[in-house]
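Take a look at the structure below.
We did not get these values from a lab; they are worked out from the coordinates using the rules stated. Note that the structure is a prediction, hence the values are computed from the model and not measured. Cβ coordinates were reconstructed from backbone atoms using ideal geometry, including for glycine residues, and neighbour counts include every protein chain displayed.
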Amino acid sequence: MKETGRLRFGDPCAGGCDVGDRNCPTCPAGSHCSCGTWHPVPNAGFCYHRTAYSDVGCFHRCLPPGRCVGELEGECPSDSRQYEQQCARHEKRG
């Protein structure tokens, strides 16, 4: 049984550069695929806990967004007040 919001190893960026940088309709909110890594990485303004590979499906919005550069170096700040604690969600389009 697959958990909602969790990725399996290599999903959805297993294709690496072949899936197209930033073109990832199945990536979690706040993330995209990038060359050189099997898992989604944060967009600018978002962060993740890079050391917890079980959490590569959860990206946090930074406060303020300019605090986080995103990409592979987009690890969350050590001060948890500098990012939202909940995982980002995709915006509903009307």
Need the full-extension length gain, GLU71 to GLN85, defined as separation in residues times 0.36 nm minus the C-alpha distance. One decimal, nm. 3.1 nm
Among 56-66, 76-86, the order from most to least packed when residues are scored by Cβ within 10 Å on average: 56-66, 76-86
